[in-house]
Amino acid sequence: KAGVTQTPRYLIKTRGQQVTLSCSPISGHRSVSWYQQTPGQGLQFLFEYFSETQRNKGNFPGRFSGRQFSNSRSEMNVSTLELGDSALYLCASSLTGGRNEQFFGPGTRLTVL
Amino acid sequence: LAKTTQPISMDSYEGQEVNITCSHNNIATNDYITWYQQFPSQGPRFIIQGYKTKVTNEVASLFIPADRKSSTLSLPRVSLSDTAVYYCLVGDGVGNYGQNFVFGPGTRLSVLP
């Protein structure tokens, strides 16, 4: 069974731009969660989608948004990028939700200049 | 908002048992405690999950006291390949939609020969 895939793996943007990251979950998994990982703040929960609906949301500003499609693939969008948005963005899929075992992708490394 | 704490780092020798404790005072009453392992340049990988008392699988044991305000991950007979960062994850029942997943700061385990 293929694992969680994330594209692109690396991305360089400048301040003020917007970016869209993509995540393909394991086949059959309906839940996709997104996390931001930085050296200073560690792993922080962004949001969780289940069957195309945002089910949970962490404490991030509205510039961070996401969506999930009918095939469970998910995208995350960050608008008006700031230097502090530079991070590894991880996507995780699970069968029934983030409270259960999550399978993480390799992440997208975003650098904001 | 839940806050979790873990030791920042630990050293051990091959063949020893390692115990890593996570404190999570505000864990939601109906939520699990989950531990993940992360190697450099990879997403976290599920190790074990429990709700109370003791859980054991082929790679680790998880001890959870009755008050569930902490948990201890036990790795028997560690090897060099266990050198990684270990995270605990809990849900605190807070957040916009009733659930915020909170990772601990991570414990960097170094296994020495």
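Please treat every number below as a calculation from the coordinates, not as lab data. For clarity, every value in this text was computed on a predicted model and none was experimentally measured. Note: ideal-geometry Cβ built from the backbone for every residue, glycine included; neighbour counts use all protein chains shown.
For the stretch A:60-113, the list of chymotrypsin sites (Phe, Trp or Tyr not before Pro) that fall in a loop by DSSP and count at most 15 other C-beta atoms within 10 angstrom reads A:Phe69.
Shape analysis of the protein assembly as shown yields a ratio of the Cα radius of gyration to the Kirkwood radius, Rg/Rh, of 0.97. Taking every lysine pair in the protein assembly as shown that is 8 or more places apart or spans two chains, those with Cα atoms closer than 21 Å amount to 5. Note on chain B: with charges restricted to the Cβ of Lys and Arg (+1) and Asp and Glu (-1), its dipole about the Cα centre is near 200 debye. Taking R0 as 30 Å, what FRET efficiency do you get between B:Phe39 and A:Ile12 from their Cβ-Cβ distance, rounded to the nearest 0.05? With a Förster radius of 30 Å, E is 0.80. Each principal axis of the Cα cloud of chain A was evaluated for its coordinate range; sorted largest first, these ranges are 37, 26, 26 Å. Diagonalising the gyration tensor over the Cα atoms of chain B and scaling each eigenvalue by 5 before taking the square root yields semi-axes of 25, 15, 11 Å, largest first.
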